[in-house]
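Single-structure report; data block below.
The values are calculated or read from the model by the stated rules, or taken from the named source; none is laboratory data. Source: prediction; values computed, not measured. Heads up, the Cβs are rebuilt from the backbone with ideal geometry, glycines too, and the neighbour counts pull from every protein chain shown.
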Amino acid sequence: MKKIVAIFISFFIVYSMTCNLFAQDNNASNLDLLANNAIIMEAETGKILYSKNETEQKAPASVTKIMTMLLTLEQIDKGKLSFDDIITASEHAKEMGGTQINLDVGEKMSVYDLLMSVAVASANDSAMALAEHIGGSESGFVNMMNNKAKELGMENTNFVNPHGLPVDNHLTCAKDIAIMTRELLKYEKTEEFIGTKIYPIREGENEYKMRNTNNLLWSYQGCVGGKTGYTQDAGYCMSVVAKRDGMTIIAVVMGEKTSKDRTADLEKMLDHAFMTYDLYEIDLENIKKNKIDVEYGDTKQVKIKVENTEVPKQVIIKGSQPKVEQKTKLDKSVKAPVKKGQKVGQITTYMNGEEIYSTNIIACDNVNKRSFIKSLEMIFKNMIEL
């Protein structure tokens, strides 16, 4: 009877702990967001922590400019463009309307200042000037936008312009916005642009101080930037990025009725993510052998090593302790010839029974197949040693 009671108590404790973890994890269902479309993503892993109608296509307004900034920084990273390059504004750029810095036809401005005006002031004319310069034309740049979207796996996106002003079939979704925001964060200068609060454009009497449209930069601890958007058709949209305790969170909302609702929902989403989750770092076990036997080689053994020792971090429920296992498979020997980098084994990491990472064990050097003369030498040497 005592054994039965003990088993029951043990089961109840385990069950309670499990329910507690799932209760924490499912707190997101109680967020009561005003937005109909939203998503929370951890940036380093790409893990989705919460979603609500995240694949429904919607007009994104100026959140579109995330892709415009992404392609600009990509061109700079490839060496095809420089921050110091000067761009001349066209008639088409001038006539954009909406939010702008009032570029005049023929006005010259650096890529850096244009990009800053896109990030800080959400300038439509600046977005068009960059697009025409990089893509050769608006349509050329839009093709680049859609190709990049396809490359990133943004399955519910179709861009028609580089700024987000209303036009038919210019659509994306909360999930795709999070994906392109995550990609934008990979560029070194991104936070410099999206996180700048005030930036002066032009000089002298024509100087104008732009104020960032992202109010969370002032009000939310850890906010490093983002991109706002609004049109009557799209409503209030935003992708925001915040960092705390080594974790970077992307939160996206679309179609909010007011900017106040947008801010409230995003703060609620970020708070939930930081209070509920942590990033967990796993150390890769060292392999027990540092050499492996080589059959028919001109040397008897070859040095081996783990190809990649960095296991990607994992998102866990805050306060939980996951079960981590690592299994090593290593060949007993390998036949010559052996090529440097050749796979001779594998280490697989599991967390709570699920495979999360696998990396190869590889040969460090080349080993040639031994010649007939070399074989005789080795036989003779072995006989002497005996």
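Some observations on this one:
- Matching helices (runs of 4 or more DSSP H) fully within region 87-190 where at least 3 residues are of a type in the set (D, E, K, R) and in contact (Cβ under 8 Å) with a residue 40 or more places away in the chain: 174-184
- Considering the conditions (1) modelled with pLDDT of 95 or more; (2) over 21 Å from residue 50 (Cα atoms), residue 281 is excluded by exactly one of them, (1).
- Region 151-168: number of residues that are within 24 Å of residue 255 (Cβ to Cβ), out of contact with any strand residue (DSSP E or B) (no Cβ under 6 Å at 6 or more places or on another chain) and surrounded by fewer than 16 Cβ atoms within 10 Å (Cβ to Cβ): 4
- Scope region 74-86; condition surrounded by fewer than 15 Cβ atoms within 10 Å (Cβ to Cβ) and part of a helix (DSSP H, G or I); matching residues: 77
Residue-by-condition table, conditions (1) over 22 Å from residue 76 (Cβ atoms); (2) buried (at least 17 other Cβ atoms within 10 Å of the Cβ):
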{"residue": "173", "(1), (2)": "yes, yes"}
{"residue": "179", "(1), (2)": "no, yes"}
{"residue": "185", "(1), (2)": "no, yes"}
{"residue": "195", "(1), (2)": "no, yes"}
{"residue": "203", "(1), (2)": "yes, no"}
{"residue": "210", "(1), (2)": "no, yes"}
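- Residues that are modelled with pLDDT of 95 or more and surrounded by fewer than 18 Cβ atoms within 10 Å (Cβ to Cβ) do not occur anywhere in region 294-302.
- Qualifying residue in region 271-284 (condition: more than 20 Å from residue 344 (Cβ to Cβ) and polar (S, T, N, Q)): yes
- Evaluation of residue 81 against the conditions (1) at pLDDT 95 or above; (2) in contact with an Asp or Glu (Cβ under 7 Å, 6 or more places away or on another chain) shows that the sole unmet condition is (2).
- Residue identified as in the same structural domain as residue 122 (by TED's automatic domain parsing) and within 19 Å of residue 127 (Cβ to Cβ) among 206, 212: 212
- Residue count, region 39-73 (criterion: within 25 Å of residue 98 (Cβ to Cβ) and part of a strand (DSSP E or B)): 1
- If you go through region 299-348 and keep only what is of a type in the set (Ser, Thr, Tyr) and more than 30 Å from residue 278 (Cβ to Cβ), you end up with 299, 333.
- Subset of region 317-348 [in contact (Cβ under 8 Å) with a residue 40 or more places away in the chain and of a type in the set (Val, Ile, Thr)]: 317, 324, 328, 334, 338, 344, 347
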